[in-house]
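Input: a single structure, listed below in structure tokens.
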Amino acid sequence: MILSILLAAAAVQPGVAERRYTGPAVVCGEAFALRIAAEERAVARDPGIDFLTYHVEGPDGGFVLYEGNAPQPHDDEIRTGLPWPNVIAIHDNRNARAKTAGRVRDRLVTGAERIALCPPRVPALAPR
């Protein structure tokens, strides 16, 4: 709930950096890469504080990825081992069928595989 309020506030504040993706595409986070399919779209947001969010929507619903160090309660997470972001928190809002078919975490690429997909030091919001 609190995360939803923060995300909504970030969406309307001036100065919030935002980047939109339409699949097929690769979304490059600070600690992950995510391939989105043709029927999916994503919005990466940097509210200019200590976290980044990635909102992904598709035919089966959506999910939010949070990169930072202090996430709100969430459905799943990946610990990165980095000083920042040390956690990728997954807020899975997809329908039950989609959740049964596959976990969001299984779509995320981290470590050396992420670097192969995303040039180093190019976060989701950097111009390309």
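Amide H to amide H, which residues 5 or more places from residue 40 or on other chains are under 5 Å from it, using H placed in the peptide plane?
For residue 40, the qualifying residues are 23.
Could you calculate, for region 2-117, the ratio of the Cα radius of gyration to the Kirkwood radius, expressed as Rg to Rh?
0.93
Compute, for region 48-128, the length of the dipole vector about the Cα centre, with Cβ point charges of +1 (Lys, Arg) and -1 (Asp, Glu) only. Units Debye, rounded to 20.
That gives a dipole near 220 debye.
Enumerate the amide H contacts of residue 29 below 5 Å, restricted to partners 5 or more residues apart or on another chain; note that Pro and chain-start residues carry no placed amide H.
Close amide H contacts, sequence-distant or interchain: 34.
Quick one: what are the phi-derived ³J(HN,Hα) couplings along region 88-102, Karplus 6.51/-1.76/1.60 with θ = phi - 60°, whole Hz, x for glycine and proline?
10, 9, 10, 10, 9, 9, 6, 6, 4, 4, 5, 5, 5, 5, x
Taken together, the values in this text are just the output of simple stated rules run on the coordinates, not laboratory data. Because the structure is a prediction, the values reported are computed rather than measured. Because the Cβ atoms are built from the backbone with ideal geometry, glycine has one as well, and the counts that use them run over all protein chains shown.
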